[in-house]
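Each remark here refers to the structure printed beneath this line.
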Amino acid sequence: MAVREVLRMGHPVLRERAKRIENVGTPELRALVQDMKDTMAAKNGAGLAAPQIGVGQRVVIFGVTSNPRYPDAEEVPFTVLAPEDDAALAGLNLDAANWNDVAQVAAKHRVSEVGLVQAVYANGKMTVNIRRLGAGEQPTKTSVEVPMLQTVGTTYPAAAQAAVRAIEDMWKTRSVIDFSQRGRLTADVRIGSLAQWGEIQTALGQISNVTGVTVTAISPNFARINMGYQGGLDQLREAVGEAGLSLTNRGGQWTLARAGQ
């Protein structure tokens, strides 16, 4: 594979509309992704789009492990955004979008919440709108105005940074547990072995905002539990994740599993 030249802002390719990928898994696409990965690593980058190396196709990669340009960044697994995600999310209205609109893509990527980001340039100013969606929760929205730089194009990186900071602020404002808020949910648990089932029970017992767990059905590979908790659902999922588990919702049914399964 090869390290490609990274095009600078103003190059004609960067002004063109990139084409969709119609066939996934072709040798050509695998070679392109490898070149992008090699180029990103050589430049100590955290993400790269195909047009940046002169290929007008909708391919985006990102990932961070140990990077001297971003020494304080948390690790992000290497990811190639799937072209089918583009189709699944096409036509979304930021102000009307709800969890059902993104649930399929969220389930594929094993995430329990999604942030939709929109940058709008109008009347000489840039505004970043963010809508946070979570399973079983009311959507929340925030907007940030970004000071214009020399051009719209040079302002977009600042808009991206403003979006990241706004998402972090949204996360911080929901992180305090309201112990007066209580709820219960029923979840199916995938069990690989008795030892794993014991590990899951131990992990649940160490989560501070889980108030009780009742097993309502069990078989060699499956259990159904009824779980009481304090605070909101998003706070419960966060605490479950910190315990090495994942709590996801698909079609109204909750599933609990070890993280990564």
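Just so it is clear, none of the values below were taken in a lab; they were calculated from the coordinates. What you see is a predicted model, and the numbers here were worked out from it, not measured in a lab. We place every Cβ from the backbone using ideal geometry, glycine too, and count neighbours over all the protein chains shown.
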Ascending count of other beta-carbon atoms within 10 Å, so fewest first, for Ser143, Ser246: Ser143, Ser246
Neighbour-count ranking [beta-carbon atoms within 10 angstrom, fewest first] of Phe222, Phe62: Phe222, Phe62
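May I ask for the net charge around Leu247, where only other residues with Cβ less than 10 Å from the Cβ of Leu247 are counted and Lys, Arg are +1 while Asp, Glu are -1? Mind dumping the intermediate values first?
Details: positive: Arg237; negative: Glu238.
The answer is 0.
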³J(HN,Hα), Karplus 6.51/-1.76/1.60, whole Hz, each residue of the range 223-237, x for Gly, Pro: 9, 10, 10, 10, 10, x, 8, 10, x, x, 5, 5, 5, 5, 4
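Over the range 92-174, consider all pairs of different Cα atoms and compute the Kirkwood hydrodynamic radius from their mean reciprocal separation; express it in Å, one decimal. Display every interim value, and only then the final one.
Numbers: mean 1/r = 0.0733 Å⁻¹.
The answer is 13.6 Å.
For the pair Lys108 and Asn226, what calculated FRET efficiency results from E = 1/(1 + (r/R0)^6), where r is the Cβ-Cβ distance and R0 = 41 Å, to the nearest 0.05? The partial results should precede the final answer.
Values: r = 28 Å, r/R0 = 0.67.
Given R0 = 41 Å and the Cβ-Cβ separation, E is 0.90.
By average Cβ neighbour count within 10 Å, what is the ranking of 11-22, 94-105, 233-244 from highest down?
Values: 11-22: 12.0, 94-105: 15.0, 233-244: 18.7.
Put in order of decreasing packing, that is 233-244, 94-105, 11-22.
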FRET efficiency estimate (nearest 0.05) - Cβ-Cβ, Asn23 to Val215, R0 35 angstrom: 0.15
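So if each residue of separation counts as 0.36 nm, and I subtract the Cα-Cα distance between Ile167 and Val33, what length gain in nm does that give? Mind showing how you got there, number by number?
Numbers: separation 134, 0.36 × 134 = 48.24 nm, distance 2.83 nm.
Here the segment from Ile167 to Val33 would lengthen by 45.4 nm.
Net charge around Leu94, counting only other residues with Cβ within less than 15 Å of its Cβ (Lys, Arg = +1; Asp, Glu = -1)? Provide the component values of the computation, followed by the final result.
Working: positive: Arg131, Arg132, Lys141; negative: Asp95, Asp101.
Counting the neighbours of Leu94, the net charge comes to +1.
Exposure proxy check: Ile167, Ile200 ranked by fewest other beta carbons within 10 Å?
On the way: Ile167 15, Ile200 23.
Result, fewest neighbours first: Ile167, Ile200.
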Amide H partners (placed H, <5 Å) of Leu245, local residues excluded: Ala259
Simple label model, 7 Å out from Cα along Cβ direction - Val13 to Val152, nm: 2.3
